[in-house]
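Enquirer: Just passing along the structure, written as structure tokens.
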Amino acid sequence: MNELEKEAIKILQNNWRNGFSIPCEGLYPFQWKWDSGFIAIGLAYFDMSKAKEEITTLLDAQWKNGFIPHIIFHNESDSYFPGPDYHHSDLHPKASKKYKSTGMTQPPVTGFVLEELYRISKDKKDILQYIETVIDKVYDNHHYFYNNRDILNEGLVYIYHNWESGTDNSPLWDDIFKTMNPPKYTFERRDTTHVDASQRPSKREYDHYLHIIEVAKEHHYNDQKIAELSPFLVQDPLFNSMLIKSNQSLIALYNLIGNNQEKVNQLKTWQEKSIHSFNKKLFSEKLGAYIHYDLRNKKPLEYISSSSFAPLFAGIPSKERASVLVKTLMQKFGKKNLYLCASFDPSSERYEPKKYWRGPVWINLNWILYKGLKQYNFENEAQRTKEDTITLVKKFGFYEYFDARKEKDNAGYGGLNFSWTAALIIDLLHEK
Ligand code: DGY
């Protein structure tokens, strides 16, 4: 076995707690929704029972309405802000009684993660038996999205917080934050005790993050009230791509299991509508890329980020549109002096190459990009993405994010021994 893979396995073993994985020691001491999905893919290569347990634990925290929270607070760590007492998930009448959590979610990756576990497993019968015990919960999660967050009935669901996007402090949100004027809250941050402040969001940005939660809490995390009142309400191409990809995986898995025609039909109906609206509403001809739509302020957010390319992974663009998209990718993000793929348009004045989601390369987005490029047979671009990803980790370590500029000597930023970086490197090393 390759040394890098051995190291990756060790990281995942160290970050395993009782029944779930933390993304990173100190900085992120609980279970995060989309992290847990990516982590399970890595675990599946050397310990399938842990991969299953990771997903089982996440789904155990599901609310009665199908909602799955973004953080599950399994323990009382005080190294993280805002913690369970701030989020107060029990304000929602259908929240889990067993677990404290946040009242927001993260990209719905669990559906396609189950299909990845099926792909990786050497015992197809065993993994399918496992999938059968959890798949309805993932279906219920999709049902929650389409029934509560598709307010225009077009197959595109909203996110109500930048933390729901996964791309927490992307410059995409700057325009929205300009429409808000939140109070200056008093709070003690913990993230900047673990990571250099120049690599994290600012205090003022946190005021905005907290304010959106305050509005949601005031209305007990009620979806209708949030849709009506949240200052942040966005249709995100990354989030919706994850949902669409996961729909597709649920259809494939239900077909393998058999006897679930009604659910398959429902998923196909959602799928068709979602893909149609996605292509109609979330593509900018001008930019040659998919973009976000700001529902609150009723306008497209005309910026290119690594989220713009996620639709390839979900099979959303036509072949012709995929070519346009890949041309944009290589022209803007694929220059010789840059590693693929910066999280925000490197030619934009808002690009900040060290700051979290305002520019750095993230391994999960690279993984999504790689798989998307492969599916559309962009072999060279896919190989470049894979090689850049492995080079970054080999050269600098299993960091949370990386500087895209090749001239940098120390390009690893944020948390070290980061779980999804380790997990997805394992998967990439197994790819041809
Ligand atoms: C953080 O605390 O920055 C987390 O990423 C939110 O999900």
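The values are calculated or read from the model by the stated rules, or taken from the named source; none is laboratory data. Note that the structure is a prediction, hence the values are computed from the model and not measured. For neighbour counting, all protein chains shown are included, and Cβ atoms are generated from backbone atoms with ideal geometry for every residue, glycine included. All accessible areas refer to the heavy atoms of the entire protein, side chains included, with ligands and DNA or RNA removed. Shrake-Rupley method; radii C 1.70, N 1.55, O 1.52, S 1.80 Å.
Enquirer: Just to check, using Stokes-Einstein with a Kirkwood Rh over alpha carbon pairs, what's the diffusion coefficient of the stretch 342-397 at 37 °C and 0.692 mPa s in µm²/s?
Expert: D = 274 µm²/s.
Enquirer: Could I ask something else about it? Modelling each spin label as a point 7 Å along the Cα-to-Cβ direction, I'd like the Asn265/Asn279 distance in nm, to one decimal.
Expert: About 2.5 nm separates the two model spin labels.
Enquirer: On to the next question. Please work out the average accessible area per residue across the chain, using the 1.4 Å probe convention, and give it in Å².
Expert: With all protein chains present, the chain gives 38 Å² per residue.
Enquirer: Sticking with this structure for a sec: Looking at this model, which pairs from Lys137/Lys327; Lys178/Lys355; Lys281/Lys327 are more than 27 angstrom apart at the alpha-carbon?
Expert: In this structure, Lys137/Lys327 exceed 27 Å between Cα atoms.
Enquirer: Which FRET efficiency, nearest 0.05, do Asn380 and Glu188 yield, Cβ-Cβ r, R0 51 Å?
Expert: 0.55
Enquirer: Diagonalise the Cα gyration tensor of the chain and give the resulting equivalent ellipsoid semi-axes, square root of 5 times each eigenvalue, largest first, whole Å.
Expert: 27, 26, 24
Enquirer: What number in nm² do you get for the stretch 66-123 if you take the convex hull of its Cα atoms and divide its surface by four?
Expert: 5.6 nm²
Enquirer: Further question: Place a +1 charge on the Cβ of each Lys and Arg in the stretch 1-149 and a -1 charge on the Cβ of each Asp and Glu, then give the dipole magnitude about the Cα centre in debye, rounded to the nearest 20.
Expert: Result for the stretch 1-149 is approximately 400 debye, rounded to the nearest 20.
Enquirer: Along each principal axis of its Cα atoms, how long is the stretch 29-110 end to end? Whole angstroms, biggest number first, please.
Expert: For the stretch 29-110, the Cα extents along the three principal axes come out at 39, 30, 21 Å.
Enquirer: Say we join alpha carbon atoms closer than 10 Å with springs in a Gaussian network model of the chain; which of Leu312, Leu256, Leu156 then has the biggest fluctuation?
Expert: The residue that fluctuates most here is Leu256.
Enquirer: Please list, short to long, the whole-number percent of alpha-carbon pairs of the stretch 113-168 in consecutive 5 angstrom bins beginning at zero.
Expert: Going out from 0 Å in 5 Å bins, the stretch 113-168 shows 4, 17, 16, 15, 16, 13, 11, 6, 1 percent.
Enquirer: Then there is this: Straight-line reach from Lys332: which aspartates and glutamates have Cα under 18 Å away, leaving out those fewer than 8 places along the same chain?
Expert: Of all the aspartates and glutamates, those that pass the test against Lys332 - Cα under 18 Å, at least 8 places apart if same chain - are Glu285, Glu302, Asp345, Glu349, Glu352, Glu381, Asp388, Asp403, Glu407.
Enquirer: Using the Cα centre of the stretch 241-288 as origin and beta-carbon charges of +1 (Lys, Arg) and -1 (Asp, Glu), tell me which of Leu287, Gln261, Ile275 is placed farthest towards the positive end of the dipole.
Expert: Leu287
Enquirer: Determine, for each peptide in 261-268, 144-151, the mean count of other beta carbons within 10 angstrom over its residues, then list the peptides with the highest first.
Expert: 144-151, 261-268
Enquirer: Percent of Cα-Cα pairs more than 24 Å apart in the stretch 103-208, please.
Expert: Percent of Cα pairs beyond 24 Å in the stretch 103-208: 48.
Enquirer: I need the calculated FRET efficiency for the pair Lys298 and Tyr351, taking r as the beta carbon distance and R₀ as 22 Å, to the nearest 0.05.
Expert: Rounded to the nearest 0.05, the efficiency is 0.25.
Enquirer: Summarise the accessible area of the chain (1.4 Å probe, protein heavy atoms) by the percent that is carbon and sulfur.
Expert: Carbon plus sulfur share of accessible area: 47 percent.
Enquirer: Right, another one. Can you compute the helix-only [θ] at 222 nm over the chain? Use -39500 (n - 2.57) per DSSP H run of at least 4 residues, normalise by all residues, nearest 500 deg cm²/dmol.
Expert: When only DSSP H runs of four or more count, the value is -15500 deg cm²/dmol.
Enquirer: Along the charge dipole of the chain, which of Leu210, Leu238, Trp16 sits closest to the positive end, that is, farthest toward it, with unit charges on the beta carbon of Lys, Arg, Asp and Glu (+1, +1, -1, -1)?
Expert: Looking along the dipole axis, the top candidate is Leu238.
Enquirer: Hey, what does the equivalent ellipsoid look like for the stretch 23-73, semi-axes from the Cα gyration tensor as sqrt of 5 times each eigenvalue, largest first, whole Å?
Expert: 19, 15, 8
Enquirer: Related question: Straight distance only, please: which aspartates and glutamates reach the Cα of Lys6 with their own Cα at less than 17 Å, same-chain residues fewer than 8 apart left out?
Expert: Result set, ordered by chain and number: Asp47, Asp427, Glu431.
Enquirer: Of Ile390, Ile159, Ile291, which is the most mobile in a GNM of the chain whose springs link Cα atoms less than 10 angstrom apart?
Expert: Of Ile390, Ile159, Ile291, the most mobile in the Gaussian network model is Ile390.
Enquirer: Here is a further query. Let me know the charge dipole size of the stretch 236-393 about its Cα centre in debye, to the nearest 20, where only the beta-carbon of Lys, Arg (+1) and Asp, Glu (-1) is charged.
Expert: Computed about the Cα centre, the dipole is about 200 debye.
Enquirer: Another one. Normalised by the empirical 2.2 N^0.38 Å for globular proteins, what value does the Cα Rg of the stretch 209-358 take?
Expert: So the Cα radius of gyration is 1.21 times the expected 2.2 N^0.38 Å.
Enquirer: Farthest toward the dipole's positive end in the chain, which of Leu43, Tyr303, Gly412, given Cβ charges of +1 (Lys, Arg) and -1 (Asp, Glu) about the Cα centre?
Expert: Tyr303
Enquirer: Test of understanding: express the Cα radius of gyration of the stretch 298-432 as a ratio to 2.2 N^0.38 Å, with N the residue count.
Expert: 1.00
Enquirer: Ok, one more. For the chain, with a Gaussian network of springs between Cα atoms less than 10 Å apart, report the residue from Lys245, Lys355, Lys122 with the top mean-square fluctuation.
Expert: Lys122
Enquirer: Report, to one decimal in Å, the Kirkwood hydrodynamic radius for the stretch 368-432 based on all distinct Cα pairs.
Expert: 12.3 Å
Enquirer: Here's another thing I want to ask about it. Once you charge only the Cβ atoms, +1 for Lys and Arg and -1 for Asp and Glu, what is the size of the charge dipole of the stretch 314-429 about its Cα centre, to the nearest 20 debye?
Expert: Value, rounded to 20: 200 debye.
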